[in-house]
Structure formats: structure tokens, C-alpha cells
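In what follows, a single structure is set out as C-alpha cells and then discussed.
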Amino acid sequence: MAAEWRVDLYEPFTAGSGLDPAPAVAALERLAALLPDTALLVTFRTTAEGGTAEISGPAYLALLDAVAATGLACAVDVEYRHPMADQAIAAAQRHQTAVVASNHDFEGTPATEEIVTRLQAMEEAGADVAKIAVMPRSAGDVVRLLEATERRYRDAQIPLITMSMGGLGAVTRIGGGVFGSAATFATVGAASAPGQLPAAGVRAALELLHG
């Protein structure tokens, strides 16, 4: 089990003063001390992909570089379509911190081939994990996400994390592992993405599915 820290929800950044990574580094140090046995994934979700705080490209790169340099994060999230994605991935790798490349589509569910292509592009960019979340408009969209997951899983050399968002896609947060998704996201308290389920319920469902 790992915990994701959404830096864009942290007050210094929501207040619009997120140019300096120092407050985030200090907060990460406190989190690591409080959760010594928990792997930490550090994420700054930009507004372009559903986040809550604005940040410039250079500041985004500086933040991820500084976080990776601490050695306290098991991984950092890098939006693979971000203008600074290549530099951010390289920075994390210099510090031997894993990269979860991500993409979030709140408008709909792309075609199967497009989902596969995006996941492949993340791997080719050097990510250690490829993640995509899409918004379904029908049950068929949910099936499409699962089909794309299974197709990419056959050839991928890195783990995949895939999900359909919202209530319609909740089944993918529990049953995605059957199709090749290596992990899921659940919430303790307020959800940070549409359709996130409570961690306790997800744990119970996964235990029923996988024993």
C-alpha cells in the first residue's frame, strides 16, 4: 500500500505562492516522519488535468526535481503531456526516484487504439509506471478502457494503472486487476478525483476478488 500526496491541494500552492518548492519539501519530510512504513507517491496535478492550483512550467519542473532529490518519495507523478515532462522524468531518474507517467481525460473515453498509444508513449518516455484515467459516458466506454488495458498489458514492459472515472467507471477501480491494471486509487476522506471509492470498501472488495 502507498499513499499519494496531492501537492496541488497543499495550502501554499492553492494560495498561489507555489513558485518555491521549499514548503513542499518541508511538508514531505514531515509526512515521511509521520508515515515511516508507507511508500509516498508525490503528485502535483495541474489544472490542465483536473488539478486545483496554477503552476508555471519551470516551477513544475523545479518542484518535482526538489521532491525527487529528497529520496523520501517512492515515486513522483509526471503528466506525460506536460511541456516539461521529458525534463521532469530525467530529473527524477537522476535522483533514482521512480516516475508514474499520467494522463487524465475528463472529456470522455478515447478510442481503444488511442488509449493503447498513450500508455505506450509513457513507457517510451522512460516512465516506470503508466497511468491513464478517462471519463466514461456509457457502459461501452468502460468496456473500451478495460479492453485497451488488456491489449497494452500484453506488450508493456512496465506496470499499468488504468481506470474509468465517475460512478459509471467504479467497477474498474475494483476489477481492473483482472485486465492488467496493477493498482487502484481509493480515498480516506474527501475524494480527489471523480468516482474514487473509500479505501476500506476497496480493500474489502479486493480481498473478496483475490482472496
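Brief remarks on what is shown
- Residues that are assigned to a helix (DSSP H, G or I) and modelled with pLDDT of 90 or more were ranked within the range 178-211; the one that is nearest to Ala130 (Cα to Cα) is Phe179.
- Exclusive hit being at negative phi, touching a Leu at 6+ places or on another chain (Cβ under 8 Å) and not hydrophobic (A, V, I, L, M, F, W, C), set Thr149, Thr97: Thr149
- When residues in the range 88-111 are screened for being more than 14 Å from the chain's Cα centre (by Cα), small (Gly, Ala, Ser) and open to solvent by 20 Å² or more (accessible area, probe 1.4 Å), 2 of them pass.
- Pairs with Cβ under 8 Å, 6+ apart, first in the range 67-80 and part of a loop (DSSP other than H, G, I, E, B), second buried (at least 16 other Cβ atoms within 10 Å of the Cβ) and among the hydroxyl-bearing types (Ser, Thr, Tyr): Gly71/Thr97; Ala73/Thr97; Cys74/Thr97; Tyr80/Ser102
- Within the range 136-175, restricting attention to residues that are of a type in the set (Gly, Ala, Ser) and buried (at least 22 other Cβ atoms within 10 Å of the Cβ), the residue that is modelled with the lowest pLDDT is Gly169.
- Single residue of the range 112-128 satisfying the filter (small (Gly, Ala, Ser) and at negative phi) that is surrounded by the most Cβ atoms within 10 Å (Cβ to Cβ): Ala127
- First in the range 18-44 and under 17 Å from Leu64 (Cβ atoms), second anywhere and open to solvent by 80 Å² or more (accessible area, probe 1.4 Å) and acidic (Asp, Glu), Cβ under 8 Å, 6 or more apart: Gly18/Glu54
The values are calculated or read from the model by the stated rules, or taken from the named source; none is laboratory data. These figures come from a predicted structure and were not determined experimentally. Cβ: placed from backbone, ideal geometry, glycine included. Neighbour counts: every protein chain shown. What goes into the accessible areas is simple: the full protein's heavy atoms, side chains included, and nothing from ligands, DNA or RNA. Shrake-Rupley method; radii C 1.70, N 1.55, O 1.52, S 1.80 Å.
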